[in-house]
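In what follows, a structure is listed as structure tokens, so that the remarks can point back to it.
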Amino acid sequence: MHDSKSAYSQIMRVKHFDIEAERMICIMNRVDAIELGLFPLDRAELKVIGGNKRVVTVVDVTQTMVKPNELGVFKDVKEELALKGKSRVRVTPVPQLDSLRYIKKKLDGQELTGSEIRQIVEDIGKNGLSEIEASAFVSGVYIHGYTLNETVAMAKALAENGKMLRITKRPVVDKHCVGGTNGRTTMIIVPIVAAAGCFIPKTSSRSITSAAGTADAMEVLANVSLPMDKIKRITERVGGVIVWGGALDLAPVDDQIIRIEHPFSLDPPGQVIASVMAKKASVGSKYVVIDLPVGPDVKIHTREKAEDMARKFIEVGKRLGMKVEVVLTDGTQPYGQAFGPLLEAKHVLQILEGEFFDQLAQKSCELAGSLLELSRKVKSGKGYAAAKEILQSGKALKKMKEIIKAQGGKCFSSSDLHELKLCANILSKESGRVDKINVRSCSTIARIAGAPGDKKAGLYLFVSEGDIIKQKQPLFRIFSENRRKLKLAVEYAKKARVVETERSVLERIP
């Protein structure tokens with residue numbers, strides 16, 4: 001059925017497929033595709049007949065799945081267009097986008113302008129670019145990197161393409177860790193700075209490669225999928241929240257780019273900086289502390305690379321109207337003994353309850369202190385002492401309980417969190433001094449055991465660097481909800497050098 005308004009559009013009946021593709025796709029019969037001049041991976045705009053909703057989709061072509069004059073759509077398109085029953089849509093071919101020229105320009109190693117970057121972000125956001133085309137852009141950035149101007153332009157474009165959180169109270173502060181280590185510093189820092197009178201709407205991620213992300217650990221205690229209006233209300237009333245950023249529409253194109261980067265672990269520094277700063281801009285942060293762990297087993301391997309990133313973070317923040325401080329931290333050691341959502345959440349509560357003050361507590365107070373100084377809540381040089389006093393006085397614990405309650409949680413004490421009975425200890429094969437604990441191996445074992453999907457699965461260390469250990473002494477315990485997963489985790493742990501020892505005797509000469 002042709003539409004008289006346009007020789008290049010066609011009204012078609014919709015056929016629904018109960019499939020989630022995580023991108024906008026339509027399926028049309030080859031007869032219709034030829035008539036509309038469309039080929040596989042071309043784009044077509046779908047507009048609901050009798051409504052205003054429209055979306056750009058990638059075209060797939062078939063001879064059997066749909067009939068002529070019939071258009072197949074997956075659940076993603078159905079939900080975007082709010083299609084019901086026997087819907088009809090107007091199908092219009094979309095001409096080649098200007099973004100493709102800009103992507104080619106980046107692949108050739110040329111600098112993109114702000115408007116060109118903004119157009120690419122907009123087209124990714126509305127599914128105007130196919131996954132192959134968007135991947136080509138990510139490849140160009142990985143190969144050639146960003147100039148500082150491009151990084152700033154990308155950060156602005158990502159933030160402006162999504163929703164913005166408007167906190168009316170001041171000062172609005174934030175922190176971010178580039179990642180690679182364990183320990184939930186965020187869950188200690190947020191209640192400390194909130195108790196000091198700052199406002200911190202902390203959006204966090206779920207794990208991609210580690211045993212737990214902050215959102216995974218916080219979810220053990222409270223709901224982390226909150227709407228924007230509730231995040232605003234809780235932050236302004238209580239002082240802070242700890243929520244999952246993926247549940248919001250803050251810089252949504254950034255999440256799409258991260259999904260493209262993930263299979264090959266592509267982390268071009270310019271895109272990382274733009275990604276982080278876009279999220280901070282989207283929640284209205286004015287004072288930001290960035291934690292860059294440095295070490296061979298984390299994302300940033302050398303101090304030189306860390307210092308270069310630090311300078312760029314500070315300059316990008318300045319151009320976005322933020323005051324940024326970057327802290328380089330030791331990424332060669334674990335922070336705290338726990339790996340896995342429940343174990344890490346319990347460890348945080350034990351620190352807040354004053355049960356112990358370890359490396360995780362130390363690092364958290366140092367970062368919280370930097371935020372307090374940056375936002376001028378305390379005088380320069382007094383931040384760490386102020387943060388530690390708030391933690392050890394119980395004020396941070398009280399504030400954390402307020403945050404948990406505001407987010408609909410029911411778990412307020414470490415004693416409420418019970419470890420799994422299904423577990424196994426890994427024993428030392430030799431005596432000596434603990435020289436190194438491989439953080440990446442600990443995370444891998446915890447993930448094999450089921451973390452972060454199984455919230456209670458994980459690994460708990462019994463030793464720290466510098467400890468003197470004996471042969472057959474327990475080094476760590478693996479927890480799992482599944483016997484098969486536990487067996488696989490134990491097998492891996494016995495082969496991996498998780499805990500390396502330094503012996504006093506280097507060689508015996510007869």
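The values are calculated or read from the model by the stated rules, or taken from the named source; none is laboratory data. All values reported here derive from a predicted model rather than from experimental measurement. All Cβ positions, even for glycine, are placed from backbone atoms using ideal geometry, and neighbour counts span all protein chains on display.
One table, with the values for the structure above:
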| item | result |
| --- | --- |
| Pair list, Cβ < 6 Å and 6+ apart or interchain, from region 302-314 residues that are crowded, with 19+ Cβ neighbours inside 10 Å to residues that are part of a helix (DSSP H, G or I) and of a type in the set (A, V, I, L, M) | 312/273; 313/273 |
| Hey, residue 134 buried (at least 24 other Cβ atoms within 10 Å of the Cβ) and either out of contact with any His (no Cβ under 8 Å at 6 or more places or on another chain) or not in a helix (DSSP H, G or I) (or both) or not | no |
| Residue 318 within 25 Å of the chain's Cα centre (by Cα), over 22 Å from residue 214 (Cβ atoms), among the basic types (Lys, Arg) and assigned by TED's automatic domain parsing to the domain that holds residue 206 | yes |
| So residue 398, is it over 27 Å from residue 323 (Cβ atoms), at pLDDT 95 or above and charged (D, E, K, R) | yes |
| Selection status of residue 258, farther than 17 Å from residue 202 by Cα, touching a Ser or Thr at 6+ places or on another chain (Cβ under 8 Å) and surrounded by fewer than 19 Cβ atoms within 10 Å (Cβ to Cβ) | yes |
| Selection within region 317-337 - more than 12 Å from residue 359 (Cα to Cα) and touching a Leu at 6+ places or on another chain (Cβ under 7 Å) | 323, 325, 326, 327, 328 |
| Residue selected from region 442-472 under the condition more than 13 Å from residue 500 (Cα to Cα) and among the polar types (S, T, N, Q), by the criterion surrounded by the fewest Cβ atoms within 10 Å (Cβ to Cβ) | 444 |
| Odd one out for residue 283 among (1) touching a Pro at 6+ places or on another chain (Cβ under 8 Å); (2) surrounded by fewer than 24 Cβ atoms within 10 Å (Cβ to Cβ) | (2) |
| Within region 386-505, helices (runs of 4 or more DSSP H) holding 2 or more residues that are farther than 25 Å from residue 297 by Cβ | 395-406, 483-495 |
| Subset of region 166-185 (residues that are part of a loop (DSSP other than H, G, I, E, B) and buried (at least 19 other Cβ atoms within 10 Å of the Cβ)) | 171, 178, 179, 180, 181, 182, 183, 184, 185 |
| Odd one out for residue 233, checked against (1) crowded, with 18+ Cβ neighbours inside 10 Å; (2) modelled with pLDDT of 95 or more; (3) not aromatic (Phe, Trp, Tyr) | (1) |
| Residue selected from region 65-97 under the condition of a type in the set (Lys, Arg) and part of a strand (DSSP E or B), by the criterion surrounded by the fewest Cβ atoms within 10 Å (Cβ to Cβ) | 88 |
| Residue match in region 209-228 (condition: among the acidic types (Asp, Glu), in contact (Cβ under 8 Å) with a residue 60 or more places away in the chain and in contact with an Asp or Glu (Cβ under 9 Å, 6 or more places away or on another chain)) | yes |
| Selection status of residue 436, in the same structural domain as residue 326 (by TED's automatic domain parsing), of a type outside the set (S, T, N, Q), surrounded by 15 or more Cβ atoms within 10 Å (Cβ to Cβ) and touching a residue at least 12 places away in the same chain (Cβ under 8 Å) | no |
| Enumerated helices (runs of 4 or more DSSP H) restricted to region 204-292, each holding at least 3 residues that are out of contact with any Lys or Arg (no Cβ under 9 Å at 6 or more places or on another chain) | 228-238, 252-261, 269-282 |
| Selection count where residues are at pLDDT 95 or above and buried (at least 18 other Cβ atoms within 10 Å of the Cβ), scope region 100-131 | 10 |
| Inter-residue pairs, beta-carbon under 9 Å, first hydrophobic (A, V, I, L, M, F, W, C) and in region 239-262, second at pLDDT below 85 and part of a helix (DSSP H, G or I), 6+ apart | 260/131 |
| Subset of region 43-64 (residues that are free of Cβ contacts under 8 Å to residues at least 60 places away in the same chain and either aliphatic (A, V, I, L, M) or crowded, with 21+ Cβ neighbours inside 10 Å (or both)) | 44, 46, 48, 49, 59, 61 |
| Leading residue by the ranking (surrounded by the most Cβ atoms within 10 Å (Cβ to Cβ)) among those in region 16-42 that are part of a strand (DSSP E or B) and at pLDDT 95 or above | 28 |
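Yes or no, residue by residue, for (1) crowded, with 23+ Cβ neighbours inside 10 Å; (2) within 23 Å of residue 447 (Cβ to Cβ):
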| residue | (1), (2) |
| --- | --- |
| 214 | yes, yes |
| 244 | no, yes |
| 266 | no, yes |
| 290 | yes, no |
